[in-house]
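J.: The structure is given below, and queries will be raised subsequently.
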2 protein chains.
Amino acid sequence: MSITYDMAAFYEGLVAHRLILPSGVPGVFGRGPMYERVMAGLNHALDQIALNDGYETIHHPPVLPRQLLEKVNYLEAFPHLCGSIHSFMGNGLAALRLAEAARNHEPWGEMLVQSDVVMSPAACYSIYPLFKGTLPADGRTVGVNNWVYRHEPSAEPTRMMAFRMREFVRFGSAEHVVPWREMWLNRFKALFDTLQLPAHAEVASDPFFGRAGKLMAASQIEQKLKFELMVPINSLESPTALVSFNYHQSKFGELFDIQQADGEVAHTACIGIGMERITMGLFKHLGFDPRAWPEAARRTLWTDGQP
Amino acid sequence: MSITYDMAAFYEGLVAHRLILPSGVPGVFGRGPMYERVMAGLNHALDQIALNDGYETIHHPPVLPRQLLEKVNYLEAFPHLCGSIHSFMGNGLAALRLAEAARNHEPWGEMLVQSDVVMSPAACYSIYPLFKGTLPADGRTVGVNNWVYRHEPSAEPTRMMAFRMREFVRFGSAEHVVPWREMWLNRFKALFDTLQLPAHAEVASDPFFGRAGKLMAASQIEQKLKFELMVPINSLESPTALVSFNYHQSKFGELFDIQQADGEVAHTACIGIGMERITMGLFKHLGFDPRAWPEAARRTLWTDGQP
């Protein structure tokens, strides 16, 4: 199949095949049954790949404590992406004014108060506080699979405000976590070969905010702390990052008081798997009808080879 | 097994068995692997019950357009439960002030602006706009399965701020939707019998806000628009609503311009299934170890009878 890149046509195809159902707000849409079958297939394929990794998966809701977001200094690096949940804590008269403003589609945000929770901007943040203390001798591996939120409305179908992110997180020494990150990069290269997704790896940086962010990004690239596996979806020139491979050094070990068995501060790494972007990539490269996908891809995603 | 009711002891048991992992904020916690196995089992049991219902399931993210919340008049009825997402839209200098406030755990909510999205407070709201127009002659049934959010921090383990709500929604004439609601009430009574959950049905009302809310609640009860299936979890005296059976009359048909095949405005009903509360109810009544649950319950939840 020869691929041409036309973002608007791709979006319209997703809608026409009832894979996504627009809500009217860019980056927020419903998912139809076949989209979810592909998502389930991807989760199955990852379960198989990690079958003998001895990890435990912990699921979190799409929100986390505001204090945790503050603790990981998220607002220093990514203020533009945060989503804070504000609620109404007033009395009857204020409630009448609130309802009237809402009825007239007038602003009502200033009648609310910031609550104790924020949108979870990354699936793994909620995990670190749970593992304060000393790690087993061979470290620890944890799976996570959550909805995350980033305030970046966009016409790109692959840039959602709310999306599911599966991650694997490894805790231990640098020797535990750095080769493990490399292993996952190779696992994903093999998986994407089987799924016929044309991918290449790049050294990358996070989307840090502002001028200070440029320095943070340069340092991250210099130290090769982040790789991304890129697949063209919206255009050939600007491929989309589907999976990221992140080495945090001792950042979270220090913040959350996590030690290696020998008492040294723990190092961590995480594999951030853009489940929705991989799903989108499959529709782009294999077509809108999963029943017609190549057999090797179907057998990888579904036990009986059928979506 | 003789059941005693002690809310604090039940919560501690859930934590001790790594079924839930507290975050520090009431109503927000991680879910361990066995909790998720029970959740998956419940979804499987519901799939089996509805196997021949001819419905399509649509998944939505945990957020929805603010305009949609305004359109369903949510702020008139439930202002105290809403969660509005606010984001930072400022420049570099403002970002520095934001980061500093966050670093010092000082208020930073007023530096944000209300965005176009809010937390989804009910799984079915996102569905109605998708079905504007004329229904098939026998109406339509839609499944939904989303994270929802309600601002009601509480020490009760069954009262979460973020939780999963599966729903079935029926569109059609009153004759399509009212007996269908009754059918689902009977289906759940049978399911809860098999699962050994001691349930009883009650006419109920929504938790409307304030003095005007009292009138709305009384009218809802008078017209028997809402039933709930109640199971004691936190205490014997105040059982918990696990499933609600709601008849909306023509409210959503009018709001979203949905007609029956004969041109009359559509009636709708929804079955709101508190997936997390049923999971909690099973741990309360069958014990913290699903491997030791009665065989009939295990066979209903998992094909091979094993969690």
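The values are calculated or read from the model by the stated rules, or taken from the named source; none is laboratory data. Treat the numbers as computed from the prediction; the structure is a model and nothing was measured. Reconstructed Cβ throughout: ideal geometry from the backbone, glycine too, with neighbour counts over all protein chains shown.
J.: So residue B:7 fits all but one of (1) touching a Pro at 6+ places or on another chain (Cβ under 8 Å); (2) crowded, with 21+ Cβ neighbours inside 10 Å; (3) over 18 Å from residue B:293 (Cα atoms); (4) not basic (Lys, Arg); what number is the exception?
T.: Answer for residue B:7: the failing condition is (2).
J.: Please find, within the range B:148-164, the residue that is farthest from the other protein chains (Cβ to nearest Cβ) out of those that are of a type in the set (A, V, I, L, M, F, W, C) and surrounded by fewer than 23 Cβ atoms within 10 Å (Cβ to Cβ).
T.: Here the answer is B:155.
J.: Taking residue A:2 and the conditions (1) of a type in the set (Gly, Ala, Ser); (2) surrounded by fewer than 17 Cβ atoms within 10 Å (Cβ to Cβ); (3) assigned by TED's automatic domain parsing to the domain that holds residue A:272; (4) in a loop (DSSP other than H, G, I, E, B), which numbered condition does it fall short on, given that it satisfies the others?
T.: The number of the failed condition is (3).
Matching residues to (1) free of Cβ contacts under 8 Å to residues at least 60 places away in the same chain; (2) over 20 Å from the mean Cα position of the chain (by Cα):
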{"residue": "B:9", "(1), (2)": "yes, yes"}
{"residue": "B:15", "(1), (2)": "yes, yes"}
{"residue": "B:22", "(1), (2)": "yes, yes"}
{"residue": "B:26", "(1), (2)": "no, no"}
{"residue": "B:30", "(1), (2)": "yes, no"}
{"residue": "B:43", "(1), (2)": "no, no"}
{"residue": "B:52", "(1), (2)": "yes, yes"}
{"residue": "B:59", "(1), (2)": "no, no"}
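J.: Identify, by number, the condition in (1) surrounded by fewer than 18 Cβ atoms within 10 Å (Cβ to Cβ); (2) assigned by TED's automatic domain parsing to the domain that holds residue A:55 that residue A:141 doesn't meet.
T.: Just one mismatch for residue A:141, condition (1).
J.: Suppose the filter is assigned by TED's automatic domain parsing to the domain that holds residue A:75, at pLDDT below 95 and in contact with a Pro (Cβ under 8 Å, 6 or more places away or on another chain); does residue A:209 pass it?
T.: The answer is yes for residue A:209.
J.: Could I ask something else about it? Filter the range B:57-66 for residues that are surrounded by fewer than 23 Cβ atoms within 10 Å (Cβ to Cβ), facing another protein chain (nearest Cβ under 7 Å) and within 14 Å of residue B:83 (Cα to Cα) and give the result.
T.: B:65
J.: Quick one: which of A:241, A:174, A:190 is at pLDDT 95 or above, under 28 Å from residue B:63 (Cα atoms) and surrounded by fewer than 20 Cβ atoms within 10 Å (Cβ to Cβ)?
T.: The unique qualifying residue is A:241.
J.: Sticking with this structure for a sec: When you look at residue A:274, is it small (Gly, Ala, Ser) and surrounded by fewer than 17 Cβ atoms within 10 Å (Cβ to Cβ), yes or no?
T.: So residue A:274 fails the test.
J.: Another question, then. Is it the case that some residue within the range B:277-285 is modelled with pLDDT of 95 or more and among the basic types (Lys, Arg)?
T.: Yes.
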